[in-house]
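Notes follow once the structure below has been shown.
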Amino acid sequence: RRVTWGSAIFFFFMLSVRALILLNFVAFSLVGVPVWWYFTSVERAELPAEGIHNFVDQWSAMLKDSNATQFVDVVVIHDDDSLQQHLSPLLETKTARGTGFLTLRYAVRQPHTDEINIFTAPSLEHKAINKALNKLDAGVTVNGRHRHTLYVASSKTLSSPLLHFGSQLAAWMLIPSGKVSDTRILGRLLQQVQIFWLRDIKPVVKASPSYNVAFSLIVAEPKEWPGVSWEISKALNRFIRPLLNQIQHAAQFSIESQILYFGSLGGEPKFDSGRQVHIVRSDALEQFRGANDWNLESFSTVLGVKTVPPPTIHFMTYIPPGKNYPLYLQDKRDNSRLSVGFSMPGWGAVAVLNKNASLLESHLLTQLDLEPTMQYFLGQLRHAFGMPSMNQEVNLGQYGTVSFSASKNGISEWERSALTRSYLQRMGSGAIEMLQSLLSMIEKLPQIKVDSLNRQKVEDSLQSLQTAFEDIMRRDLDSALNRVRISYELATDAFYSPDMVAQVYFPDDFKYAVYMPLFFPIALPLVMVLLKEVKRYLQKRRKATKIVRQNSALQSMLKRD
């Protein structure tokens, strides 16, 4: 078939239109896909991974080998040199390192006149000694720095050795005059000093920078208590808030109160005719939490103010119905032992308030009415944070007795010091673990978004830890704990950021599964047309080349003819 110039021009014109249309699709894809990829890709701000790894090494080295030493002023008050002569060799060997940034080392100093007058008084009552030493600021905390003082005195009136811990960081050993040369007694009492001053407090509740403390009044029979109310604010200000104010450097506390109705202890009371009381066995109380979970939600937990709700400690006052008045709890191990309260470790405590509405003029529970339960809750709150009972006394047999002074704030200074060290170690390690977990998660899941806000939280958390480390080296533990608490909160907020948590469950495979049904139906015809057009173009080119060759051969033949 002869190819004319007109048909050739028409062919190239049609080929250009087809190519132009195809080129538009290809250009749109080449431009649109990168734009789509840009807007669907996640932000990945760079975190200070190297700084975190370096600080982990510093923190671990400090926990293993702390060079900081806390000197204990040992003040020997005596009439002759025999007590100091027997005590000095023991002080040289009694250097002990505790868990949590504290190393005790004894240093003997001479007593002041006021100190001598205190321990040479005719009556050596612990209450009077504690009050007098507190006026002298013996064993106090100054600018976050803990000072310990140990007084050792002989007594002609005592028959048994005695070690007593005051409400501050002062303690005193009273040794009978006839036993000042017994190094076994002196050594054993010095060992007790180390045990309590180096005590590693282990809180029952999870270490957290903040807690909710919920106080609830449960009225079993609302008909018996119409319009019931309680002076909970006054009771809390007197019994609970002084303790919380003393430990607010370790955690922040929010207090809630409410009145609930139709509550149950979970067990059916039985009447004891011999004691004329109603009794519930303690093993039946295991059902209490499940029977009342429907109305024990914390307000802060419901509102969801924080990314991670703080732990809630429940303290519940239960008023039994009139038919079960008075009500007591029986120990399952000792049937003769009755109590009015029970605790659930890590959750809280319940106390029975034996009040009969028919015997009261009003249904207002005053501060005086609530005192027994508040005293019980105070002891349980101390137990929740790992502190011993306020009435605890340790009998060492022939080596004497160890006793303690109660503090008007609900916590002594040496207990506060131990709690500071415990929370400093646990929350510091917790903040580091949170930062390490965050780095590990980001490395394993590249699709997780790391925005500038979370990066700033991580940087601030690391900076707070580094500042806390410097405070620890300066022995300013209160400031260090405050820094560590801030670091823990920042690290927790960054780790549980809603943007990051949501993307943990949104991998790249899921993204492809969402977009493939949209792009594949468009991309497949486009690719097929592109291949077809390339094939068509190659065929046309081969055909045109063949025609050109044929025309060249024909022209050559015509020239020869």
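The values are calculated or read from the model by the stated rules, or taken from the named source; none is laboratory data. Note that the structure is a prediction, hence the values are computed from the model and not measured. Heavy atoms of the whole protein, side chains included, go into the accessibility calculation; ligands, DNA and RNA do not. Shrake-Rupley method; radii C 1.70, N 1.55, O 1.52, S 1.80 Å.
Would you mind classifying segment 395-533 by shape? Square roots of the alpha carbon gyration tensor eigenvalues, ordered a ≥ b ≥ c; an a/c under 1.5 is rounded, otherwise it is prolate if a/b is larger than b/c and oblate if not.
Numbers: a/c = 5.08, a/b = 3.57, b/c = 1.43.
Note, shape of segment 395-533 comes out prolate.
If ligands, DNA and RNA are left out, what is the accessible area of PHE510 with a 1.4 Å probe, given in Å² to the nearest 10?
It works out to around 100 Å².
Taking the alpha-carbon distance from LYS543 and a cut-off under 26 Å, which lysines remain once sequence neighbours fewer than 8 residues away in the same chain are dropped?
LYS532, LYS535, LYS559
Per q in 0.23 1/Å, what log10 I(q)/I(0) does a Debye calculation on the alpha-carbon atoms of segment 322-434 return?
Listed by q, the Debye log ratios stand at -1.33.
Roughly how many percent of the accessible protein surface of segment 508-552 is carbon and sulfur, given a 1.4 Å probe and a whole-percent answer?
On the way: 2680 of 3940 Å².
That share works out to 68 percent.
Sorted by accessible area (1.4 Å probe), largest first, how do ASP499, ASP509 line up? Before the final figure, lay out each step's value.
Details: ASP499 70, ASP509 115 Å².
If we order ASP499, ASP509 from most to least accessible, we get ASP509, ASP499.
Here are some pairs, LYS206/LYS408; LYS127/LYS234; LYS202/LYS457; LYS156/LYS179; LYS135/LYS202; LYS223/LYS323; which of them have Cα atoms lying more than 21 Å apart in this structure?
Details: LYS206/LYS408 26 Å; LYS127/LYS234 27 Å; LYS202/LYS457 29 Å; LYS156/LYS179 10 Å; LYS135/LYS202 31 Å; LYS223/LYS323 13 Å.
Where the Cα-Cα span goes over 21 Å, the pairs concerned are LYS206/LYS408; LYS127/LYS234; LYS202/LYS457; LYS135/LYS202.
Over segment 113-255, give the accessible area per residue in Å² for a 1.4 Å probe, as an integer.
Details: 6050 Å² over 143 residues.
Solvent-accessible surface per residue comes out at 42 Å².
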